[in-house]
Amino acid sequence: MINSAIKSKWIISLTLLLALSGCAKSVSINEMKVVASFLTTGVEGPNPKRIPQTNFSTSDVLYYLTAIKWEPVGSNGGYHNVSWKWYANGSMVSEFKQSIFFKLTPYEIYSWYKAYMLGKGHQKVELYIDGKLFDTQEFEIV
């Protein structure tokens with residue numbers, strides 16, 4: 001009787017482990033694509049602006065919004081290492097790294113940066129997922 005109970009618990013545990021391991025599987029970055037990407041300001045508050053911009057002042061806070069999608073719709077994308085590299089006049093000045101769980105597709109991720117910290121000039125920001133360059137946005141700070 002004890003052997004039968006242990007065997008049943010072992011089978012149930014193994015079945016649950018296999019079922020849950022399927023839930024944690026990540027979508028390959030080769031299956032992901034950018035469907036929308038832009039820089040903007042004023043995304044805080046109850047009615048955020050979502051107007052793409054390419055010119056900013058030094059008093060702005062820049063928000064880099066990117067929507068990523070994958071197939072099949074309704075599936076999660078799993079965990080991925082995401083980094084944003086901010087450049088000022090051709091030199092990288094900052095990199096933010098984060099492990100993100102990509103929930104339902106399309107999934108929006110964002111980064112922000114204070115424009116005065118980049119200074120005036122032609123700037124850019126790059127988005128990497130699992131080390132692969134996914135998107136680049138170039139902009140001016142005047």
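We did not get these values from a lab; they are worked out from the coordinates using the rules stated. Quick caveat: nothing in here was measured; it's all calculated off a predicted structure. Using ideal geometry, Cβ is built from the backbone for each residue, glycine included, and neighbour counts are taken over all protein chains shown.
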Check your understanding: What list do you get for Leu65, Leu39 if you sort them by fewest beta carbons within 10 Å?
Key -> Leu65, Leu39
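Expressed as a whole percent, how much of the Cα-Cα distance distribution for segment 27-141 exceeds 23 Å?
Here the tail beyond 23 Å accounts for 30 percent of pairs.
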Review point. If the cut-off is 17 Å between C-alpha atoms, which aspartates and glutamates fall inside it for Lys132, apart from same-chain ones fewer than 8 positions away?
Key: Glu31, Glu95
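Of Trp112, Trp86, how do they rank once you tally other Cβ atoms within 10 Å and put the fewest first?
The fewest-first ordering by Cβ neighbours comes to Trp112, Trp86.
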Exercise for review: Could you name the aspartates and glutamates whose alpha carbon sits less than 18 Å from that of Lys97, not counting residues in the same chain fewer than 8 places away?
Suggested key: Glu108, Glu126, Asp130, Asp135
